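Here's the structure, in structure tokens; my notes come after.
Laboratory data are not the source of any read-out in this text; all were calculated from the coordinates shown. From a predicted model like this one, the values you see are computed outputs, not experimental measurements. Cβ atoms come from the backbone with ideal geometry, glycine included; neighbour counts cover every protein chain shown.
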Amino acid sequence: MHVDARFEWFADENAANVLWGGVGATGGDVYAMTASVGWEPHPNLLIRPELKYDTYHGGGHLFAAGTNGLARRD
């Protein structure tokens with residue numbers, strides 16, 4: 001069994017690399033944090049559940065509910 005974690009950062013301030021316009025975003029930074037646990041019960045079988053959290057800092061909304069995709073209650 002092993003535990004893994006990673007952090008990713010994607011910067012696109014001018015919206016040059018991603019088609020932000022289709023979702024209403026105008027460019028910015030996307031951050032992602034991921035944690036997983038890997039378990040190999042058999043040599044040909046790997047079970048790896050994963051938790052992931054994404055957030056966006058920039059103009060407009062990249063995710064449907066806001067900056068992090070989590071629904072907000074008003």
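I want the local charge near Arg6. Using Cβ-Cβ distances under 12 Å, sum +1 for each Lys or Arg and -1 for each Asp or Glu among the other residues.
Net of charged neighbours comes to -2.
Counting Lys and Arg as +1 and Asp and Glu as -1 over every other residue whose Cβ lies under 12 Å from the Cβ of Asp29, the net charge comes to -4.
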